[in-house]
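Values in this text are rule-based calculations from the coordinates and carry no lab data. Everything numeric in this text was worked out from a predicted model, so none of it was measured. Don't worry about glycine lacking a Cβ; one is built from the backbone with ideal geometry, like all the others, and counts go over all protein chains shown.
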Amino acid sequence: QGECTPCVPGTSSKRGSDACEACGAGLYAANAGQGQCIPCPNPLSSGRGDVTCSFCMEGYYLLESADPDDVFRFPTKHCKACPPNANCATNTTLEILGVRHGFWRASLHTTEIHECDASDHCSGSGGVTDASRRRLAASDGAGPGCDLGHTGPLCEWCVSDE
């Protein structure tokens, strides 16, 4: 008869099975030998094979950097509901909060999002992707969330060629 080896944290095994499977996204297994993965508490999520839930689920953003154990113990202190006119995919932080087209925010450290009434030059920052992060970092000639050639509050200022 074969020996039973406990599954490592981040995985689980059904009764009678001799194989361990990684926990899916949104589930976790903190201890070795768990028979099933546990759903993350609201509003947290996890990646595949995680041993804890340390980032915010879709519809929420992480207010500020924190120790993953602290995030798990106090999820509502760290994960806040996505503001109107923003995009909060899983694992969004305040700095990479997506802003819809036609809206603008003054900095990467605020959740105040304004509609661009008088300007059609607010491109928003889209969703949370590597491409949008690169676009924000390399936005010479445009203010954050503004079309090329525009900057300032609500993207209403023209960028000088000088």
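Put simply, the amide H of Phe55, placed in the peptide plane, has neighbours under 5 Å in Ser45, leaving out anything fewer than 5 places away on its chain. Between Thr90 and Thr76, the distance separating the two model label sites (each 7 Å from Cα on the Cα→Cβ line) works out to 2.4 nm. Across the stretch 86-98, rounded Karplus estimates of 3J(HN,Hα) from the backbone phi angles (6.51 cos²θ - 1.76 cosθ + 1.60, θ = phi - 60°) give 10, 10, 10, 6, 4, 6, 7, 10, 4, 5, 10, 4, x Hz, Gly and Pro being marked x. Normalised by the number of residues in the chain, the mean separation of alpha-carbon contacts (under 8 Å, six or more apart) gives a relative contact order of 13 percent.
Largest GNM mean-square fluctuation among Cys20, Cys37, Cys79, using the chain with Cα springs under 10 Å: Cys20.
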